[in-house]
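Note sheet for the following structure.
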Amino acid sequence: MSDPSERLLTTPPGLVRRRRWGRAFELVCLGTTVVGVVFLAIMLVDILIDGAGWLTATFFTESPSRFPSRAGIKPALAGTLWLMGLVALIAFPLGVAAAVYLEEYASRSWVQAVIQTNIANLAGVPSIVYGILGLAVFVRWMFVLTGGRSVLSGALTISLLVLPVIIIAGQEAIRAVPSSIREASYGLGATRWQTVRHHVLPNALPGIMTGTILALSRAIGETAPLIMMGALTFIAFVPDGPRDAFTVLPIQIFNWASRPQDEFRNLAAAAIIVLLVLLLSMNALAIWLRNKYRKEW
């Protein structure tokens with residue numbers, strides 16, 4: 001007969017089996033992560049090898065040309081900066097305002113539920129649908145205000161594309177603020193707007209900034225809606241205002257990559273490097289702002 005104390009210390013077979021399955025699942029997840037990181041590293045190395053040698057001063061100061069040695073990204077880079085600046089100015093205030101209204105002011109009714117459901121559905125709509133909407137509304141119907149196929153039309157189209165992401169992220173950030181903060185503010189006689197302005201929004205700002213990072217990261221790489229609403233694939237001038245015609249880096253990359261000459265594919269790789277640096281710089285700035293406000297609050 002075995003000692004009863006030894007039977008108590010023996011691990012049940014079911015628990016051993018669950019631990020083995022858990023360990024196997026962990027290894028599968030690790031393997032898929034490693035595969036993704038390895039392929040990403042291979043792509044980045046390949047792009048750096050092909051495009052690093054083309055990052056010259058001429059590449060940043062010249063317009064596209066049919067001669068690879070004279071081609072540059074100046075109009076596309078300026079158009080991208082114009083577009084992203086306008087998208088941030090349009091989408092960020094509207095997204096935050098909508099999130100504040102839905103979380104702090106809207107009553108819990110079927111209307112609010114319908115709005116919430118539609119916002120969640122809009123976040124998964126293909127981007128080409130927004131391009132069709134931008135072509136019909138901003139390019140044609142609002143031609144007098146936007147100037148047709150202009151930077152402003154593109155910014156409004158992309159703003160509609162990223163608004164659901166900003167709204168959902170803003171709602172989650174506002175919902176995460178403890179209710180005790182609101183109750184303490186109300187207890188001291190503050191109004192709802194004073195509570196939102198001085199307590200809720202500052203505490204929710206790090207989460208809102210995270211949502212904005214994701215939204216702008218998606219916006220800077222969008223091509224289909226811009227092509228659909230009329231962004232040019234070849235442009236030799238820099239936009240001077242929001243009503244001017246434009247192109248952006250993803251469209252210029254697509255144009256060069258579709259050409260048969262190897263030199264143009266190298267130019268596309270160089271433009272991809274610039275786009276990645278621009279994207280990472282935007283993310284770094286947003287992360288810095290998020291951490292700064294998180295420390296203050």
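The values are calculated or read from the model by the stated rules, or taken from the named source; none is laboratory data. In this text, all values refer to a predicted model and were calculated from it rather than measured experimentally. Ideal geometry is used to build each Cβ from the backbone, glycine not excepted, and the neighbour counts take in all protein chains shown.
Remarks
- Of all residues in the range 224-256, those being of a type outside the set (A, V, I, L, M, F, W, C) and modelled with pLDDT under 80 number 2.
- Against the list (1) in a loop (DSSP other than H, G, I, E, B); (2) farther than 30 Å from Leu81 by Cβ, the condition His199 fails is (1).
- Ala41 vs. criteria under 30 Å from Glu263 (Cα atoms) and modelled with pLDDT under 85: no
- Single residue of the range 123-166 satisfying the filter (more than 22 Å from Ala98 (Cβ to Cβ) and among the aromatic types (Phe, Trp, Tyr)) that is surrounded by the fewest Cβ atoms within 10 Å (Cβ to Cβ): Trp141
- Those residues of the range 84-120 which are among the small types (Gly, Ala, Ser), part of a helix (DSSP H, G or I) and either surrounded by fewer than 16 Cβ atoms within 10 Å (Cβ to Cβ) or not assigned by TED's automatic domain parsing to the domain that holds Ala155 (or both), in sequence order: Gly85, Ala97, Ala113, Ala120
- Within the range 192-228, the set of residues being more than 21 Å from the chain's Cα centre (by Cα) and of a type in the set (Val, Ile, Thr) comprises Thr195, Val196, Val200.
- When restricted to residues that are farther than 19 Å from Gly85 by Cα and either in a loop (DSSP other than H, G, I, E, B) or of a type in the set (Ser, Thr, Tyr) (or both), the range 233-271 contains 8.
- Scanning the range 214-250 for residues that are in contact with a Ser or Thr (Cβ under 6 Å, 6 or more places away or on another chain) and surrounded by 19 or more Cβ atoms within 10 Å (Cβ to Cβ) yields Glu222, Pro225, Met229, Ala231, Leu232, Ile235, Val248, Leu249, Pro250.
- Within the range 167-182, if we keep just the residues that are more than 12 Å from Val100 (Cβ to Cβ) and part of a helix (DSSP H, G or I), the residue that is farthest from the chain's Cα centre (by Cα) turns out to be Ser180.
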